[in-house]
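Trainee: Here it is: the structure, laid out below.
The values are calculated or read from the model by the stated rules, or taken from the named source; none is laboratory data. Nothing here was measured: the structure is a model prediction, and the numbers come from that model. For neighbour counting, all protein chains shown are included, and Cβ atoms are generated from backbone atoms with ideal geometry for every residue, glycine included.
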């Protein structure tokens, strides 16, 4: 049998965790929208979709990293 304090503490912990998860989801979603807009506006080439631009940028970043590691 748990004491009332332990039960109350568990309930508070559940609520805090739920609140954190909601905030985290909102922040990630907001960042993703900003990222997509930035890529669409400044980094996308003519005829390229945002998804294609992301893939290209990741490829180019990988190539750049490889070149730096060789030095």
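Trainee: What pairs come up if the first residue lies in segment 25-37 and is free of Cβ contacts under 8 Å to residues at least 60 places away in the same chain and at negative phi, the second is part of a helix (DSSP H, G or I) and surrounded by 10 or more Cβ atoms within 10 Å (Cβ to Cβ), and their beta carbons are under 8 Å apart, counting only those six or more places apart or on different chains?
Mentor: So the pair list comes out as 36/50.
Trainee: May I ask you to list the residues in segment 35-48 that are surrounded by 10 or more Cβ atoms within 10 Å (Cβ to Cβ) and part of a helix (DSSP H, G or I)?
Mentor: Result: 35, 36, 37, 38, 39, 40, 43.
Trainee: I've got another one for you. Would a scan of segment 54-71 turn up a residue that is surrounded by 10 or more Cβ atoms within 10 Å (Cβ to Cβ), touching a helix residue (DSSP H, G or I) at 6+ places or on another chain (Cβ under 7 Å) and either in a helix (DSSP H, G or I) or at positive phi (or both)?
Mentor: For segment 54-71, residues surrounded by 10 or more Cβ atoms within 10 Å (Cβ to Cβ), touching a helix residue (DSSP H, G or I) at 6+ places or on another chain (Cβ under 7 Å) and either in a helix (DSSP H, G or I) or at positive phi (or both): present.
Trainee: Turning to a different aspect of this structure: Does segment 1-16 contain at least one residue that is at pLDDT 95 or above and within 19 Å of the chain's Cα centre (by Cα)?
Mentor: The answer is no; no qualifying residue exists.
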